[in-house]
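Notes to accompany the following structure.
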Amino acid sequence: MSPLLFGAGLVVLNLVTVARSQKTELSGSGDQPPFRGADRYDFAIMIPPGGTECFWQFAHQTGYFYFSYEVQRTVGMSHDRHVAATAHNPQGFLIDTSQDVRGQINFSTQETGFYQLCLSNQHNHFASVQVYLNFGVFYEGPETDHKRKERKQLNDTLDAIEDSTQKVQNNIFHMWRYYNFARMRKMADFFLLQSNYHYVNWWSTAQSLIIILSGILQLYFLKRLFNVPTTTDIKKPRC
């Protein structure tokens, strides 16, 4: 066997091994839970003209899924800030849609798996849009009951402390969501003010140049009206 064929065989073997490990990490094997990543995300993304961006979020059956977005600015020839958002279940079926400058898609997860979220810039064919995303999943009652069943000893004092702590955590989580809504609005307003500021500056500069040019032209034509040609014996003005 030549060294070239042996090296190619090693490369193929490594690729197969990597593919199998990634699949095992996502699907889970034995007692290991499936790879789920974080429970919440918030970031901004640029979507090209007519483009679509999709994301996948893992959720258990007893969770509550939330997804909110807001178009912060447009970059290009068009100024249409509408985008189309869709959510699909792990089987690929459509759950809900939203077509607006900002919107929310919230639902209870009926099955465990990866839920697909897509944003489409189909309304803009000549401009990119910057969209701020905030999505994830949280669990309230069922997950708490499951944790309680796993504990062997639990008295009333610890139960009350745990309930209070869980309520505080849920309240903090919802406050964090409202804070993200405020961040989305703040950035969208900031980009709008910045765009208006540049528009007013450019428009004022153009108008000022037009006014100055008009004054120069008026002065030039007025001076020509009072231009008296010189007269000689040969060249005399006509009556």
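The values are calculated or read from the model by the stated rules, or taken from the named source; none is laboratory data. Since this is a predicted model, take the numbers as computed values, not measurements. Here the Cβ is made from the backbone with ideal geometry for all residues, glycine too, and neighbour counts use every protein chain on show. Please note that ligands, DNA and RNA were not included when accessible areas were found on the heavy atoms of the full protein model with its side chains. Shrake-Rupley method; radii C 1.70, N 1.55, O 1.52, S 1.80 Å.
Computed values, structure above
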| quantity | calculated |
| --- | --- |
| Contacts under 6 angstrom Cβ, first residue in segment 58-79 being within 20 Å of Trp176 (Cα to Cα), partner open to solvent by 30 Å² or more (accessible area, probe 1.4 Å) and among the polar types (S, T, N, Q), 6 or more apart | Tyr64/Ser108; Tyr66/Asn106; Ser68/Gln104 |
| Residue check, Thr86 in a strand (DSSP E or B), surrounded by 18 or more Cβ atoms within 10 Å (Cβ to Cβ) and touching a residue at least 12 places away in the same chain (Cβ under 8 Å) | yes |
| Of the criteria (1) under 30 Å from Ala38 (Cβ atoms); (2) modelled with pLDDT of 85 or more; (3) loosely packed, with under 12 Cβ neighbours inside 10 Å, which one Val131 fails | (3) |
| Residue among Phe35, Phe67 that is modelled with pLDDT under 90, surrounded by 11 or more Cβ atoms within 10 Å (Cβ to Cβ) and in contact with a Leu (Cβ under 7 Å, 6 or more places away or on another chain) | Phe35 |
| Hey, Thr62 at pLDDT 90 or above, hydroxyl-bearing (Ser, Thr, Tyr) and on the phi < 0 side of the Ramachandran plot or not | no |
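Yes/no per residue for (1) outside any helix (DSSP H, G or I); (2) within 30 Å of Phe65 (Cβ to Cβ); (3) at pLDDT 85 or above:
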residue: Thr165; (1), (2), (3): no, yes, no
residue: Val168; (1), (2), (3): no, yes, no
residue: Met187; (1), (2), (3): no, yes, no
residue: Ser214; (1), (2), (3): no, no, yes
residue: Thr231; (1), (2), (3): yes, no, no
residue: Lys235; (1), (2), (3): yes, no, no
